[in-house]
Amino acid sequence: MSVIDPLEHANPAPGARWIDQPVHRLWLDQEGLRLLHFYRAAALPGGGFAALDVHGRLAEDAVADTLVTARHTHCYSLAAMAGVPGAASMATHGMTALAELLRDGEYGGWYQRAPAAGGDDSKQCYIQIFVGLAAASATQAGIPGARNLLAAVLAVLEQHFWSAETQTYCESYDQAWTARSDYRGANSNMHAVELCLVLADVLNDPTWYDRALAIGERIIHRHAADNDYLIVEHFYGDWREWRECNADAIEDGFYPFGATPGHGCEWARLLISLEAGLKAAGRDAPNWLFYDAKALFDRAVAVGWEADGAPGMVYTVNWQAQPCATRRRHWVQAEALAAAAALATRTDEPGYEAWYRRIWDHVRDVYIDTVNGSWVQELDANLAPHAEDGHLKADLYHAYQATLLPPLALTPSLPIAVSQPFGAPMDANVTE
């Protein structure tokens, strides 16, 4: 097993960490506010949110999208707690759509899009998880109806998706819950870990850490660790690895073939936060959480950063750790810099600070659109707009969280952390 030291790939950064510099914190705040302003235009008059184009405009036939609505509701709830005027009304707009328009009143659960749009009516775990994240953040923000919605989505997740036997979430059902897919996914379970960390704080119930730990133990400590820290994303229903899944669809936006370095970074940050949360709650945190988190990030930047000779991190690599899908996705870079910040806080190693600066410089030069607003979200290997998806700016969630996470302690989670007084001590960080 080879674990790559990030110091081999980034020179140690001189001086104090950027997050300790007032100018950098101001820059993060300004970028976050710029993003929040841009995505106000995503609110649909009939309820919910939809994807914007590169100029910040809705399509004429735009319909409410549940994932977009849930993520925007989560973000505007965080902004409301942070003190951004007008954010609470945006969160309420999203919460209303999640409670009514996008909810299946007959069978329960949440559609992927407003039902009038037609299309796939299956119930996806990934979607339900983000509805839960939105409801949890909105509950903490005091958004009307959020607490009832949170109870409803947790009931759906518990009844249909959680498996006490495997200690993981299953992937999807048909609309009426009569047929369950024979597929299990690491991605939906990764975001379930994110939700569990938030629930532990918002509900003041540290037993949610146990669920997060069980999921991470299977997907990361069991499978990824045995695969040189390239995360296996796809599994059969009995949790046998399905490494050839979508071998003929390497560009797939949600189920790509191979390993996704961006998810290695995202998992690294979540494991570091889980470790911190467990320790803050007075519970045992296994040593593998830190070791695996560090190994995941180190491996991700080693195989993903400029892997094809072009700037930035590629979307996927194959099982020989060679570039596979070389498109550049904004969320991959956002998760990489957030993970670098978390590891810099956890370890105080200058190599992680160097990565943090390097990735932000890249994001500023390549992704941040100072003319039209937001970030360019889908690029090809030549850093030109991606042929299929380059016209969209659908996602507030990853970029906005990238402006929030770096200065914060490793625990509590965002809905609690953003509402704490300015300058609150970072005494919840875990150090050696």
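The values are calculated or read from the model by the stated rules, or taken from the named source; none is laboratory data. On a predicted model such as this, the values are computed, not experimentally measured, just so you know. Glycine also receives a Cβ, built like all others from the backbone with ideal geometry; neighbour counts cover every protein chain displayed.
Under 6 Å between Cβ atoms, which residue pairs at least 6 apart in sequence (or on different chains) link something in region 174-203 that is under 27 Å from residue 229 (Cβ atoms) with a partner that is among the basic types (Lys, Arg) and assigned to a helix (DSSP H, G or I)?
Taking only residues 6 or more apart or on different chains, the pairs are 196/211.
Count, please, the residues in region 374-396 that happen to be crowded, with 22+ Cβ neighbours inside 10 Å and of a type outside the set (A, V, I, L, M, F, W, C).
Of the residues in that region, 5 qualify.
Which condition does residue 371 not pass, out of (1) under 27 Å from residue 232 (Cα atoms); (2) among the hydrophobic types (A, V, I, L, M, F, W, C); (3) outside any helix (DSSP H, G or I), if it passes all the others?
Answer for residue 371: the failing condition is (1).
Only one of (1) out of contact with any strand residue (DSSP E or B) (no Cβ under 9 Å at 6 or more places or on another chain); (2) in a loop (DSSP other than H, G, I, E, B); (3) in contact (Cβ under 8 Å) with a residue 24 or more places away in the chain fails for residue 209. Which number is that?
Unmet condition: (2).
Scan 285, 224 and give me the residue that is within 25 Å of residue 347 (Cα to Cα) and in a loop (DSSP other than H, G, I, E, B).
Of 285, 224, the one residue that is within 25 Å of residue 347 (Cα to Cα) and in a loop (DSSP other than H, G, I, E, B) is 285.
Could you check, for region 326-339, whether at least one of its residues is of a type in the set (S, T, N, Q), over 29 Å from residue 200 (Cβ atoms), in the same structural domain as residue 291 (by TED's automatic domain parsing) and within 19 Å of the chain's Cα centre (by Cα)?
No.
One residue is enough: does region 334-347 have a residue meeting the conditions of a type in the set (Lys, Arg), assigned to a strand (DSSP E or B) and surrounded by 17 or more Cβ atoms within 10 Å (Cβ to Cβ)?
No, that holds for no residue.
What pairs come up if the first residue lies in region 343-371 and is free of Cβ contacts under 8 Å to residues at least 40 places away in the same chain, the second is basic (Lys, Arg) and not in a helix (DSSP H, G or I), and their beta carbons are under 9 Å apart, counting only those six or more places apart or on different chains?
Filtered contacts from region 343-371: 367/328.
So which of 114, 99, 82 ends up being surrounded by fewer than 24 Cβ atoms within 10 Å (Cβ to Cβ), within 20 Å of the chain's Cα centre (by Cα) and closer than 30 Å to residue 34 by Cβ?
So the residue among 114, 99, 82 that is surrounded by fewer than 24 Cβ atoms within 10 Å (Cβ to Cβ), within 20 Å of the chain's Cα centre (by Cα) and closer than 30 Å to residue 34 by Cβ is 82.
Out of the residues in region 310-326 that are touching a strand residue (DSSP E or B) at 6+ places or on another chain (Cβ under 9 Å) and not aliphatic (A, V, I, L, M), state the one that is farthest from residue 256 (Cα to Cα).
It comes out as 311.
Can you find a residue that is farther than 22 Å from residue 194 by Cβ, part of a helix (DSSP H, G or I) and touching a residue at least 40 places away in the same chain (Cβ under 8 Å) anywhere in region 378-399?
no
Considering only region 247-265, I want to know if a residue exists there that is surrounded by 22 or more Cβ atoms within 10 Å (Cβ to Cβ), in a loop (DSSP other than H, G, I, E, B) and of a type in the set (Gly, Ala, Ser).
yes
In this structure, does residue 315 turn out to be under 16 Å from residue 408 (Cα atoms) and under 19 Å from the mean Cα position of the chain (by Cα)?
no
Could we say that residue 298 is in a helix (DSSP H, G or I), at pLDDT 95 or above and either crowded, with 22+ Cβ neighbours inside 10 Å or not assigned by TED's automatic domain parsing to the domain that holds residue 387 (or both) here?
Yes: the conditions hold for residue 298.
Only one of (1) buried (at least 22 other Cβ atoms within 10 Å of the Cβ); (2) closer than 17 Å to residue 272 by Cα; (3) not small (Gly, Ala, Ser) is not met by residue 210, so which one is it?
With respect to (1) buried (at least 22 other Cβ atoms within 10 Å of the Cβ); (2) closer than 17 Å to residue 272 by Cα; (3) not small (Gly, Ala, Ser), residue 210 is out only on (1).
Quick one: in region 117-135, of everything that is in contact with a strand residue (DSSP E or B) (Cβ under 7 Å, 6 or more places away or on another chain) and part of a helix (DSSP H, G or I), which residue is surrounded by the most Cβ atoms within 10 Å (Cβ to Cβ)?
For region 117-135, the residue satisfying everything is 131.
Can you tell me which of 40, 71, 25, 34 is within 30 Å of residue 223 (Cα to Cα), among the basic types (Lys, Arg), in a helix (DSSP H, G or I) and at pLDDT 95 or above?
Criteria check complete, one pass: 71.
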